[in-house]
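Q: Here you go, one structure.
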2 protein chains.
Amino acid sequence: MQIAILLYEGMTALDAIGPYEVLRLLPGATVHFVAETPGPTRTDSGFLSLVADTALSEVAQPDIVLLPGGPGTFAAASNEHILNWLRTAHATTRWTTSVCTGSLILGAAGLLQGLHATTHWLLHAALERFGATYTPERYVQQGKIITAAGVSAGIDMALFLASEIAGDETAQAIQLALEYAPHPPFNTGSPQQASAEIIERAQHLLSGSNSNK
Amino acid sequence: MQIAILLYEGMTALDAIGPYEVLRLLPGATVHFVAETPGPTRTDSGFLSLVADTALSEVAQPDIVLLPGGPGTFAAASNEHILNWLRTAHATTRWTTSVCTGSLILGAAGLLQGLHATTHWLLHAALERFGATYTPERYVQQGKIITAAGVSAGIDMALFLASEIAGDETAQAIQLALEYAPHPPFNTGSPQQASAEIIERAQHLLSGSNSNK
């Protein structure tokens, strides 16, 4: 099973690494980190590069596509090389997936028209401009397309995907392997749970998070 | 605030990237990915390299040290360059932290003698050989040392650390920025929650997870 995870400048690392850590444990999985130009790819903070070993053109027919989000999504979503690769790959994937604002790349490729989908809570209006209906759930499945909410939601989505591919027991074993019994010290992970002040602070943090480059 | 995250061959990516994604949003944070030899560092699956921009010697007095775990931990924990760097850095850190089997590096450096600590559930016996008492909690604080349980537990630990450094409201805003309202499809993330069969499957997955190189 060939899994292609897209990397691009200005992406958010955890969007990719969360689901990667789940999916790479699937028996028979081969994960390809792909980019328009192979090599180190700078993430949004400016502090970290992930390496794309493989060019888009080398993985033309993956079984699974995963698109991370991040401040660089808008550039990625208007990059015709990426969009053409995605459209071609999607024609033969078993699953086409996104995390966070990665769904905007799906939208820009014309793949979300008329569908329910999710994205980072802060960018839901941008998602709807592509003809999708924003659905504030942890992940949303529509046929073979699965979109996950912001950043950390990719882990939950990938466990669901693992269960669809290899059965509940394998997915449960992966969850245990990653000791994923989440217990955050607070309960403010969605805008429904957070106060207006915390929402404003989060917006402020996110607006500054791209400034360390 | 200078944050040093250690990279080494055979580490588990999410151990580092989960807490990184939290801590890099702290106001004033600078994150250094450090390694004995700067450059691309291959993670445990063989599918992914993270780039260390900086040599250990260039970040001698970080405010925070974070040690990820993974199958490569045993080699890292017997690497005198790493252990010497860690001992020196620890003398002046505000916080010295680990995720998963990263605590074995702390142990090998002699920093866990007589303390409560945690690690990946599968390796608790190895932790106790360093004089620590294994404590199966999501994260364990002992003075300025905080150890987190397996892989994903680093996210929870980092949110706690963020609250200690910048206050609860900033930590809560970071949680919201990462949309960290975890909702996995299963409830098998700790050995206390999983059946014997799922535990055996997880052990099998983990034993094979280092074989793709």
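Q: Kindly evaluate residue A:41 against the criterion of being outside any loop (DSSP other than H, G, I, E, B), away from chain B (no Cβ under 14 Å) and buried (at least 18 other Cβ atoms within 10 Å of the Cβ).
A: Working: outside any loop (DSSP other than H, G, I, E, B): yes; away from chain B (no Cβ under 14 Å): no; buried (at least 18 other Cβ atoms within 10 Å of the Cβ): yes.
Against the criterion (outside any loop (DSSP other than H, G, I, E, B), away from chain B (no Cβ under 14 Å) and buried (at least 18 other Cβ atoms within 10 Å of the Cβ)), residue A:41 does not qualify.
Q: Return the pair list, or none, for Cβ contacts closer than 8 Å from residues in the range A:25-43 that are under 17 Å from residue A:9 (Cα atoms) to residues that are among the basic types (Lys, Arg) and modelled with pLDDT under 95, at least 6 apart or on different chains.
A: Matching pairs, first to second residue: A:42/A:213.
Q: Here is a follow-up. Within the range B:64-71, identify whether any single residue is more than 12 Å from chain A (Cβ to nearest Cβ), within 19 Å of residue B:90 (Cβ to Cβ) and in contact with a Phe, Trp or Tyr (Cβ under 7 Å, 6 or more places away or on another chain), and answer yes or no.
A: yes
Q: Can you report the number of residues in the range A:45-61 which are at the interface with chain B (Cβ under 7 Å from one of its Cβ atoms) and hydrophobic (A, V, I, L, M, F, W, C)?
A: So the first thing to find is which residues in the range A:45-61 are at the interface with chain B (Cβ under 7 Å from one of its Cβ atoms), and the list is A:45, A:47-51.
Now restrict to residues that are hydrophobic (A, V, I, L, M, F, W, C): A:47-48, A:50-51.
Within the range A:45-61, residues that are at the interface with chain B (Cβ under 7 Å from one of its Cβ atoms) and hydrophobic (A, V, I, L, M, F, W, C) number 4.
Q: Give the number of residues within the range B:162-184 that are in a loop (DSSP other than H, G, I, E, B), at the interface with another protein chain (Cβ under 7 Å from one of its Cβ atoms) and surrounded by fewer than 18 Cβ atoms within 10 Å (Cβ to Cβ).
A: Going through the range B:162-184, the residues in a loop (DSSP other than H, G, I, E, B) turn out to be B:167, B:178-184.
Filter once more, so that each one left must be at the interface with another protein chain (Cβ under 7 Å from one of its Cβ atoms): B:178-184.
Now drop any that are not surrounded by fewer than 18 Cβ atoms within 10 Å (Cβ to Cβ), which leaves B:183.
Of the residues in the range B:162-184, 1 are in a loop (DSSP other than H, G, I, E, B), at the interface with another protein chain (Cβ under 7 Å from one of its Cβ atoms) and surrounded by fewer than 18 Cβ atoms within 10 Å (Cβ to Cβ).
Q: When you go through B:196, B:149 one by one, which is the residue that is without any contact (Cβ under 8 Å) to a residue 60 or more places away in the chain and more than 7 Å from chain A (Cβ to nearest Cβ)? Can you show your working first?
A: Values: B:149 fails: more than 7 Å from chain A (Cβ to nearest Cβ).
Exactly one residue qualifies, and that residue is B:196.
The values are calculated or read from the model by the stated rules, or taken from the named source; none is laboratory data. Everything numeric in this text was worked out from a predicted model, so none of it was measured. When we count neighbours, we look across all protein chains shown, and the Cβ atoms used for this are built from the backbone with ideal geometry, even at glycine.
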